[in-house]
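Quick notes on the structure that follows.
Any read-out appearing in this document is the output of simple, stated calculations on the displayed coordinates, not a laboratory observation. The structure presented is a predicted model; accordingly, all values stated were derived computationally and were not measured. Cβ placement follows ideal geometry from the backbone for every residue including glycine, while neighbour counts extend to all protein chains displayed.
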């Protein structure tokens, strides 16, 4: 027998299979979108079919019975559509969309080895089967076609289901099932499911016995007799059932294969003989291990640093003495920059992979909320670094859900407001000046500024008399303590939690803003760096040391007046800034730097904002300038250091540490308790633990 | 050290005099800290370079002198004198950093000078005599007598074990022994 008894290659194949599944599902989703908005053609349908077919083929090989059963029905429905027995009416497309969502769930469950409820997606299965039944010939609409029905039409492809169970005698007569399978393959597109449920535990296994049985699904134009011919010599020594399954009602027999995955022996694994050669559009691409690309990115990063050093040295030379050298250095700079961009581009992926998941979320949630919403995406091909893409899913999902839940009104309300019944969410991506800008815009009710402001004042987030611009009011919703669920919208359920989104985005080195017009919708704008390997930093000095503060965290910097600095007992100094009191963090104290400026009025205070610590003023000696830096790990050769998120190499070849501003305040207060530094006795305000408070 | 019974007529002295000839000899790079001479397994040494200013690491132990840029790699520098509890080195451009690579990490050791490469028969390495100083024992591998001088062999594993590396990683487990 042709058993691949070793487990390890199987695990590898399995991983590859799920990677492919993810791509196939993405393609499936994208093509279904085309189909649903009417821009799909025949080729779209074929592509959809191929995606499902490939998923099924692999699933059979790995013994994911449930997955095979479901995708089989799905595939049969698509097949009927290909043969134009069923047309792509909106109802049918709706079923397909739901089926693809369910398929994604089943694949996910198989990958994570979750067990889905027995009736999972049963309604979709039923819907698909009903659609199929409606399409098939009324005379042949029985659940199973007659097993022996002779079909001799030569024209047109047919799908056969061949159940093949060899007896032990067959093997004893030196017949090899693999040869039969190979012969079947020659007849047409073949997918194979193996039933290994009869394989006994290893200690009682008879090496010369036949334990396996197969179910072949064959798409072929040859008559049934030709299939019989393949089995001609073994027909007496096996159980063979050949049937035509043009009506695709095969869920039941395939479903009993589900027992497979529980087989403890796990001995049998058929070869994934998926001969459905798809005439896929040839994409000129190769699969490369991400580690290899990361290594390349690192090497180029080093090259760029060396080049920066050379350039700096070059400026010291008189140009008229070394014209060729100076020119060479300039050419090197240009080349290195282009090389870095090209290497970064390798790791870049279109945002499509994230965007493609959003229509489903919209569908699911719209159905739950009883709203009619469509999503329109643009700029899916905009590319962004893989590291960023991976972390984009959560905030984007959150924003889409938020737009649906709180932005877009119910159909009746919309009509009352003179809007179309169906709400629209626009999701777009574009590249603007070295950053990726992603917008989520809805045509819903927008933010009610009066209520937002009232709520913020109520929560003490804004001083009572403060006058804020419209934009400032809108952006209040990102404050951690702000939940608008019960105020701005009347839909019950989750709070808006926009602070979570903001935190996610900030951890990616991004920014988020909102523009809104009451009654006509909101627009959330996300601005993200192209990569996490490089960051824009402010170079600052403290004593003799140099540090980098990520630019995205910086709000402003200033030199405070003595009158604005107030001591607070147990908290150190606070800075009064436009009616707010911000805690001051002394960088020199955090890091025990001796020769730094200690008087805030003589140094510079940089107002930074972090997800966990809120707004803090960080005291440094001087701002040295703004620079793009390549992020390096400190942990590779040392260990992680509190308050430091990484290191980089400056143009002069020196290492500079990148500050983890979220940690600074805590370090400062810890260091402050070690040696008390208060010399003021007249403390007046006591500041609560977390946020800067309104007076 | 016990000389092999069959070569006893040749004597232990001979083994020490022609160590390079034997297959079992091990090479050490020797360096000085003040008047004392230490040795470190040559196989872990990647390069030797002059002292350059480092970037300090906040709130690190005193013997961590900071990090340097070694062709794009961030490498921490450890002050061996301070590590041995003999106070901080005041580095000048004449001081030397030995870059050692061990397992997955590259680190630099600040020493006074690098003096020699010696070949030693492992059998000629004598244990550190008990001197009631348990703290130093973990850094040291053994003693080698070289004609008129004595070289103390340093154990990388001991240097970057738990004491130098609290918690984070068990450095000693992934380091080859220095002798």
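Full extension of the segment from residue A:628 to residue A:345, taken as 0.36 nm per residue of separation minus the current Cα-Cα distance, would add 100.1 nm.
Shielding by partners for peptide A:372-380, expressed as the average number of C-beta atoms from other protein chains within 10 Å of each residue's C-beta, is 0. Packing around the peptides A:411-417, A:126-132, taken as the average count of other Cβ atoms within 10 Å per residue, puts them in this order, highest first: A:126-132, A:411-417. I need the shape label for the range A:353-529. Rule: rounded when a/c is under 1.5, else prolate if a/b > b/c, else oblate, with a, b, c from the alpha carbon gyration tensor. Note, shape of the range A:353-529 comes out oblate. Measuring r between the beta carbons of residue A:364 and residue A:182 and using R0 = 35 Å, the FRET efficiency lands at 0.20. Gap in Å between the Cα centre of the range A:178-205 and the Cα centre of the range B:75-118? Answer, in whole Å: 65.
Please state the shape class of the range A:290-349: rounded when a/c is under 1.5, otherwise prolate if a/b exceeds b/c and oblate if not, all from the C-alpha gyration tensor. Here the range A:290-349 falls in the prolate category. As a rough footprinting exposure proxy, the listed residues B:105, B:149, A:578 were ranked by other beta carbons within 10 Å of their own, and the order from fewest upward is A:578, B:149, B:105. Length available on full extension from residue A:198 to residue A:331: 0.36 nm per residue minus the Cα-Cα distance, which gives 40.9 nm.
What FRET efficiency, computed as 1/(1 + (r/R0)^6) with R0 = 56 Å and r the Cβ-Cβ distance, is obtained for residue A:413 and residue A:109, rounded to the nearest 0.05? Please list the in-between numbers first.
Working: r = 38 Å, r/R0 = 0.67.
Efficiency at R0 = 56 Å is approximately 0.90.
Look at the Cα gyration tensor of the range A:368-463: its axes a ≥ b ≥ c give a/c of at least 1.5 with a/b at or below b/c, and that counts as oblate.
Here each label is just a point 7 Å from Cα along the line to Cβ, and for residue A:94 and residue A:310 those points are 6.5 nm apart.
Counting, for every residue in A:638-644, the Cβ atoms of other protein chains within 10 Å of its Cβ and taking the mean gives 6.
Between residue A:208 and residue B:92, what is the label-point separation in nm under the 7 Å Cα-to-beta-carbon projection? Between residue B:92 and residue A:208, the label points sit 8.9 nm apart.
Hey, can you rank A:457-468, A:309-320 by average C-beta count inside 10 Å, highest first?
Final packing ranking: A:457-468, A:309-320.
Counting neighbouring Cβ atoms within 10 Å and putting the fewest first, the residues B:52, A:552, A:217, A:598 line up as A:598, B:52, A:552, A:217.
Subtracting the Cα-Cα distance of residue A:173 and residue A:466 from 0.36 nm times their residue separation leaves 96.1 nm of extension gain. Sorting A:601, A:238, A:590 from the fewest to the most surrounding beta carbons within 10 angstrom yields A:601, A:238, A:590.
Within 10 Å of each Cβ in B:61-69, how many Cβ atoms from other chains are there, averaged over the peptide?
Working: counts 0, 0, 0, 3, 0, 3, 10, 4, 14.
Rounded to a whole number, the mean comes out at 4.
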